[in-house]
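**Q** Would you mind keeping the following structure in view while I ask a few things?
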Amino acid sequence: MFRTLLLATDGSENARRATATAIEIAAGLAIPSVVVVHVVGKAPSEAELVRAGLDVHALLEEEARRAAGSTLDLLDAAKVPYSLRAALGDPAGVILGIAEKEAADLLVLGSRGLGALSGLVMGSVSQKLVHLAPCPVLIVK
Ligand code: ATP
Ligand code: MG
């Protein structure tokens, strides 16, 4: 039974396609829980922290909403309810941890992302997750 779908997005064109596929699956299978994860790579600066009243989580969420905006807009337009997890760190490691914690039944992500190296079939995040994920992984080309 697919109960929890975890959608990883970096806001790239590939992630947009992964989102469109995740929407079809979530709607088609009436999946009750869609969790969207965006991992912020760079820690907030001191000035940003002060502005946010030292609320690191609020800053990460703000950055995730900005970076993953295209994904969230698609989900909103399709009326697919979701919850957003914003986190800081190494994308593959963090996504793996969230997949375990949320007991994800299916992980959906793009084959490539925002990385500059062309020619590779899969980026480093998708490669690591295919190897290490605790659940089925759907790589959207
Ligand atoms: P690399 O980062 O190794 O240079 P790339 O950027 O082309 O290569 P990946 O980063 O592996 O490729 O991206 C593949 C997919 O992984 C993306 O389409 C997205 O679904 C997911 N992903 C990548 N980075 C993140 C992130 N920071 N947070 C959430 N999901 C991500
Ligand atoms: Mg990348």
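**Q** Assign one of three labels to the range 52-134, namely rounded, prolate or oblate, based on the Cα gyration tensor with a ≥ b ≥ c the square roots of its eigenvalues; rounded applies when a/c is under 1.5, prolate when it is not and a/b is larger than b/c, and oblate otherwise.
**A** Since a/c stays below 1.5, the shape of the range 52-134 is classed as rounded.
**Q** Show me, for the range 110-122, the HN-Hα J-couplings you get by feeding each phi into the Karplus relation (A = 6.51, B = -1.76, C = 1.60, θ = phi - 60°), rounded to Hz, glycine and proline as x.
**A** Here the 3J(HN,Hα) series is x, 6, 10, x, 8, x, 8, 5, 8, x, 7, 6, 10 Hz.
**Q** While we're looking at this one, here's another question. Pull up the cross-link candidates among the lysines for Lys128, meaning alpha carbon to alpha carbon under 21 Å and not fewer than 8 places away within one chain.
**A** Candidates past the 8-residue exclusion: Lys42, Lys101, Lys141.
**Q** Expressed as an acute angle from 0 to 90° and rounded to the nearest 10, what is the orientation of the C-alpha long axis of helix 56-67 relative to the principal long axis of the chain?
**A** 50
**Q** Right, something else. For the pair Ser124/Lys79, report the inter-label distance in nm, with labels modelled 7 Å from Cα in the Cβ direction.
**A** Calculated label separation equals 4.2 nm.
**Q** Compute the Cα gyration tensor for the range 21-94, then decide on rounded, prolate or oblate, letting a ≥ b ≥ c be the square roots of its eigenvalues: rounded whenever a/c is under 1.5, prolate when a/b is larger than b/c in the other cases, and oblate in all that remain.
**A** Prolate, because a/c is 1.5 or more and a/b exceeds b/c.
**Q** Quick check: at a probe of 1.4 Å, how many percent of the accessible area of the chain sits on carbon and sulfur atoms?
**A** 58
**Q** Using only the alpha carbons of the range 92-131, determine the length spanned along each of the three principal axes and report them from longest to shortest in whole angstroms.
**A** Its Cα atoms span 33, 16, 16 Å along the three principal axes.
**Q** Over all alpha-carbon pairs in the range 1-62, figure out the percentage whose distance exceeds 17 Å.
**A** Summing the P(r) of the range 1-62 above 17 Å gives 53 percent of all pairs.
**Q** Another one. May I ask you to rank Ser83, Ser111 by accessible area, largest first, using a 1.4 Å probe over the protein chains only? Please list the in-between numbers first.
**A** Details: Ser83 40, Ser111 10 Å².
The ranking, largest first, comes out as Ser83, Ser111.
**Q** Based solely on its DSSP helices, what 222 nm [θ] is calculated for the chain when runs of n ≥ 4 H residues each add -39,500 (n - 2.57) and the sum is averaged over all residues, nearest 500 deg cm²/dmol? List each step's numbers first, then the result.
**A** Numbers: 6 runs with 63 residues, N = 141.
So the helix-based figure for the chain works out to -13500 deg cm²/dmol.
**Q** Which whole-angstrom value gives the distance between the alpha carbon centres of the range 5-19 and the range 49-78?
**A** One Cα centre to the other: 15 Å.
**Q** Probe 1.4 Å, all protein chains in place: accessible area of Glu100 in Å², nearest 10?
**A** About 110 Å², ignoring ligands and nucleic acids.
**Q** Based only on the alpha carbon positions, what is the Kirkwood hydrodynamic radius of the chain, in angstrom?
**A** That comes to 15.2 Å for the chain.
The values are calculated or read from the model by the stated rules, or taken from the named source; none is laboratory data. This one's a predicted model, so the numbers in the text were calculated from it and none came from an experiment. Please note: Cβ atoms are built from the backbone with ideal geometry, for glycine as well, and neighbour counts cover all protein chains shown. To get the accessible areas, we keep the full protein, side chains included, count just its heavy atoms, and leave off ligands, DNA and RNA. Shrake-Rupley method; radii C 1.70, N 1.55, O 1.52, S 1.80 Å.
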